[in-house]
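Inspection log for the structure reproduced underneath, given as structure tokens.
FYI, it's all coordinate maths here, none of it is from the lab. The structure displayed is predicted, hence computed values, not measured ones. Cβ sites come from the backbone with ideal geometry, for glycine too, and all protein chains shown count toward neighbours.
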Amino acid sequence: MKIGKNIKLNQIVNCDVRQLLTELPNNCVDTIISSPPYNIGKEYEKRINLDLYLKEQYEVLRDCYRILKTTGSIFWQVGVYVDKFGGHVPLDIKFFEIFDSFNMSMRNRIVWMRPHGLHGTKRFSCRYETILWFVKDPKNYKFYLDPIRVPQKYQNKKSWKGSNKGKLTCDPLGKNPGDIWAFRNVKHNHEEQTIHPCQFPEDMIERVILTTTDENDVVFDPYMGTGTVAVAAKRFNRKFLGAEVDMNYYNVSINRINGEPDNNKVFPNLKTLREYILTNNITDIDKFQFAKQIGKKPTSKDKAKIFDEQHHLHSITNRILDESEEPAYKRFQQVGR
């Protein structure tokens, strides 16, 4: 299946996204999900002047807006730009201005909490990034809540008096997850971790896809990285398309989509390896390798320690409560009494 004259769906193109965008027609994709380079000198980006960076991002987003269907959404996940003096510029503020210039309507500014990260010594440690959700037409856009509901605090609570006595007081499918998300970082020993230093967790992207698309809709990622958006789209019978300029990341993304190792028999991550041995009824997992293997043999799925978002949300909440109740100055006061 093609999109436009020359571009096939269900592929990642090894090129600069600006090149791919010139070949795509108007109103051809349903949802756009991405995390652009932050312009802070990561290994996959070239640091440039902030104004020039924002100008380039404007050009990319202008075309993203053009190819987006009227019922479509854009999810743009960003952090902060750090200048040479250590000053922080919240990129979501800068990107809001760009989206606003297209007359797009923001539905949510989603806070993605991070339980771990680098510890600051001259500022508070960063523990969240943001996801901006914009729609093209605020009166006519896709949003499906039921597939992504999460458990209520009191899931089966019933009314105890009045005409509704004995009836459920909440939706049996669960509640709206809200705009504070606690999906885990894809870092050390995470089964989805690839060679990319900053990748999306698959379950977070699944939430976005299920909320804003139907089966066979087209999901586009202009900065595909190692293919998380494509993997999630394929899992739920959506079409995908994207660009990735880095050849190493591109190769990893193709192997993840295909569920295969590379030419050296190395899998892109532990999750792909685990799914491969299950699909092929292989019992000896020890003979295989994956790219971010750190001093240990791969383990099967039944030994994985995988927790859902609700687990991490509760863990972070409890930690914040503990920190607020027992700061250092209070402990020192107690010792001195």
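Some values worked out for this structure:
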read-out	value
Estimated [θ] at 222 nm from DSSP helical runs (n ≥ 4, -39500 (n - 2.57)) normalised by residues in the chain, nearest 500	-9000 deg cm²/dmol
Under 13 Å from LYS5, Cα to Cα: aspartates and glutamates that are on another chain or at least 8 residues apart	GLU23
Karplus (6.51, -1.76, 1.60) ³J(HN,Hα), θ = phi - 60°, over segment 232-240, in Hz, Gly and Pro reported as x	5, 4, 4, 4, 10, 6, 9, 7, 9
Dipole moment magnitude, nearest 20 debye, the chain about Cα centre, only Lys, Arg, Asp, Glu C-beta charged	1040
16 Å cut-off, amide nitrogen to a point 7 angstrom out along ILE7 Cα→Cβ, residues in segment 176-220	217-220
Residue pairs, from the table LYS69/LYS139; LYS2/LYS234; LYS55/LYS139; LYS8/LYS142, whose Cα atoms sit over 18 Å apart	LYS55/LYS139; LYS8/LYS142
Net length gained if the chain between LYS297 and ASN164 were fully extended (0.36 nm per residue, minus Cα distance)	42.2 nm
J(HN,Hα) series, segment 134-147, from Karplus relation 6.51 cos²θ - 1.76 cosθ + 1.60, nearest Hz, glycine and proline x	10, 10, 7, 10, x, 9, 7, 9, 7, 7, 10, 7, 4, x
From the coordinates shown, Rg and Dmax of the Cα atoms in Å corresponds to which of [x] 20.3, 68; [y] 22.0, 78; [z] 22.7, 71	[y]
Inter-probe distance in nm under a simple model that places probes 7 Å from Cα toward Cβ, at ARG66 and ASP137	2.1
Segments 13-22, 171-180, 263-272, 26-35 sorted - mean Cβ within 10 Å per residue, highest first	26-35, 263-272, 13-22, 171-180
Beta bridges by DSSP in the chain, antiparallel share as percent, to the nearest 5	55
Linear extension gain, ASN258 paired with ASN108, 0.36 nm per residue minus alpha-carbon span	50.6 nm
Under the Karplus curve 6.51 cos²θ - 1.76 cosθ + 1.60, θ = phi - 60°, whole-Hz ³J(HN,Hα) for segment 190-195, x wherever Gly or Pro sits	6, 5, 8, 5, 10, 6
5 angstrom amide H check on GLY72, placed H, neighbours 5+ away	LYS136, ASP137
At R0 = 25 Å, FRET efficiency that the Cβ-Cβ distance of THR317 and ASN176 yields, to 0.05	0.90
Cα centroid separation - segment 114-160 against segment 209-271, whole Å	23
Distance (nanometres) between label positions extended 7 Å along Cα→Cβ at THR22 and GLN155	5.3
Ordering of 104-110, 122-128 by packing [mean C-beta count within 10 Å, highest first]	104-110, 122-128
Distance between modelled label sites at ILE306 and CYS15, nm, 7 Å Cα→Cβ extension	3.5
Amide proton proximity set for VAL80, modelled H, under 5 Å, gap of 5+	LEU91
